[in-house]
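The values are calculated or read from the model by the stated rules, or taken from the named source; none is laboratory data. Remember, predicted model here, so these are calculated numbers, not experimental data. Note that we place each Cβ from the backbone using ideal geometry, even for glycine, and neighbour counts take in every protein chain shown.
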Amino acid sequence: MKALLPALFLAIVSVTAVFAKGGPAINEKCPVDGKTVRIIYRVFTDNGTVAFCCVECMETYKKSPASYPVTS
């Protein structure tokens, strides 16, 4: 049991650091197709974290961000 505690602590710290990096997403709907976003698909921009519904939409946005305005 004592060996599991340090591993569990490191896992919690790692997950917290990943989600805290970019802050909350500035949008609730995917800018590419309008579906509800999943925070695991995100891009960090000067204006904040932009989230997407899937990896395909995230990659599409990265190719041409000006084509997809982000609304909150």
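Residues in segment 4-23 that are outside any helix (DSSP H, G or I) and exposed (fewer than 11 other Cβ atoms within 10 Å of the Cβ) were compared, and the one that is modelled with the lowest pLDDT is Lys21.
Inside segment 41-57, residues that are under 10 Å from the mean Cα position of the chain (by Cα) and not hydroxyl-bearing (Ser, Thr, Tyr) make up a count of 7.
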